[in-house]
Amino acid sequence: MLTAMSGSQETFVRLQATYRGRLGVEVGIFVAVDHLRRADRLTEEEEELYFDIDDWFNEELPNPTFYEGDNTVGAVTWFKKSTSEEMLKRLEPLCKVLDKHGVKWVAAESSDPGTVVYEDEFQVGVIPYERFDPTPMPQNVVLGPTTAGSKRHFGKRAGSGG
């Protein structure tokens, strides 16, 4: 399903860092926090908060089909503003984690963020109209692909039996 968004009445929201990752677009909030986790910059409490929020989204939000194939199309997700108020509110603690660690982020809004390759009640997956070279990462942040599903088994407590 590839559809252009022209004429859409919906506004889409994407919480994203201000640096670009391997897809040539700004990384989303989950990836930005995961970069901090991979760099071992999160406290145990911040890491558990991230896992709790990530697990909730994995349970409550449909998983776009393009993620099942390692996202070979290079799509990114945007929330539908009209149906995602609760989800955006649940992301506020992750925004605060980024703030604490000096990672700049924005709540980008668009009525036409790209070519739609996936849609459900809460979000769209789009192929961005433009891609750019990745930008330098924030200091002490590790770039790398994230994994689907819960990341809790990577956590500090997983290694300590807690």
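General observations
- Leading residue by the ranking (nearest to Arg41 (Cα to Cα)) among those in the range 73-108 that are part of a loop (DSSP other than H, G, I, E, B) and in contact with an Asp or Glu (Cβ under 8 Å, 6 or more places away or on another chain): Lys81
- Leading residue by the ranking (surrounded by the most Cβ atoms within 10 Å (Cβ to Cβ)) among those in the range 73-96 that are closer than 15 Å to Val124 by Cα and among the basic types (Lys, Arg): Lys80
- Of the residues Glu26, Glu46, the single one that is crowded, with 19+ Cβ neighbours inside 10 Å, within 21 Å of Val116 (Cβ to Cβ) and of a type in the set (D, E, K, R) is Glu26.
- Residues within the range 10-27 that are basic (Lys, Arg), part of a strand (DSSP E or B) and more than 10 Å from Trp78 (Cα to Cα), tallied: 1
- Val31 vs. criteria more than 13 Å from the chain's Cα centre (by Cα), touching a residue at least 40 places away in the same chain (Cβ under 8 Å) and buried (at least 18 other Cβ atoms within 10 Å of the Cβ): no
- Against the conditions (1) of a type outside the set (S, T, N, Q); (2) over 26 Å from Arg157 (Cα atoms); (3) in a loop (DSSP other than H, G, I, E, B), Pro138 satisfies every one except (2).
- Residue that is surrounded by the fewest Cβ atoms within 10 Å (Cβ to Cβ) [pool: residues in the range 4-23 that are within 15 Å of the chain's Cα centre (by Cα) and charged (D, E, K, R)]: Arg22
- Residue in the range 128-143 that is surrounded by 16 or more Cβ atoms within 10 Å (Cβ to Cβ), among the β-branched types (Val, Ile, Thr) and at pLDDT below 90 present: yes
- Qualifying residue in the range 28-51 (condition: in a strand (DSSP E or B), closer than 20 Å to Arg152 by Cβ and of a type outside the set (A, V, I, L, M)): yes
- Residue check for Thr147: of a type in the set (Val, Ile, Thr), in contact with a strand residue (DSSP E or B) (Cβ under 8 Å, 6 or more places away or on another chain), at pLDDT below 95 and exposed (fewer than 15 other Cβ atoms within 10 Å of the Cβ): no
- Enumeration of residues in the range 52-72 that are of a type in the set (A, V, I, L, M) and either in a helix (DSSP H, G or I) or surrounded by fewer than 16 Cβ atoms within 10 Å (Cβ to Cβ) (or both): Ile53
The values are calculated or read from the model by the stated rules, or taken from the named source; none is laboratory data. What you see is a predicted model; the values in this text were computed from it and never measured. Because the Cβ atoms are built from the backbone with ideal geometry, glycine has one as well, and the counts that use them run over all protein chains shown.
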